[in-house]
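Quick note: the coordinates plus some simple rules give every number you see, no bench work behind them. What you see is a predicted model; the values in this text were computed from it and never measured. Note that we place each Cβ from the backbone using ideal geometry, even for glycine, and neighbour counts take in every protein chain shown.
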Amino acid sequence: MHLAIDGYGGNSNKLDNEDSIYGFLDAYPEKIGMTKISTPHVYRHEAIDTIDSGVSGFVLIAESHVSIHTFPNRKYVNIDVFSCKDFDLKKAVIELKKMFKLDRVRAWALDRGLEYSDIATAKQEVNFERSRLIEDAPREDPGTLIDN
């Protein structure tokens, strides 16, 4: 599962503070039921146009990673939570709104790779995708569906 978040109207001081971003990356995985496996990495970027300056960081979790890019002068933040394990999306967004005092959030959830969690499900998914390809193929060459 991949949760992508755009946060608006956030607290500029928190978004511009490397310690704040480190603290977020250090605490957030546990709050959403993930297992942190690295220390957070946080970097400041000073852009030529200061509107694009900010703080970025990531932390590796056993399930994948959490990353963040802040734009304090815009009161804007991008956050990605990528996990091979399901998690409570609503809780994840609520925690982010609280942490950064966001006025508004846009969030997208993408299912990625979850159908390959076991062989039977993977086989079913592959056969479904192959059947769609066959249906779209020209009628004179329907192809072969291999079931192995």
message: 7 Å from Cα along Cα→Cβ at both K85 and T35: what's the point-to-point distance in nm?
response: 0.6
message: I need the peptides 37-48, 70-81, 95-106, 21-32 ranked by packing, meaning the mean over residues of other C-beta atoms within 10 angstrom, with the highest value on top.
response: 70-81, 21-32, 95-106, 37-48
query: Could you name the lysines in cross-link range of K75, using Cα to Cα under 24 Å and dropping any fewer than eight places away on the same chain?
result: K14, K31, K90, K91, K97, K98, K101
statement: Amide H neighbours of H65 at under 5 Å, excluding residues fewer than 5 places away on the same chain, with H built from the backbone geometry, are F82
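Using 1/(1 + (r/R0)^6) with R0 = 30 angstrom and r between the beta carbons of N73 and W108, what's the FRET efficiency to the nearest 0.05?
On the way: r = 24 Å, r/R0 = 0.81.
The pair N73/W108 has a calculated efficiency of 0.75.
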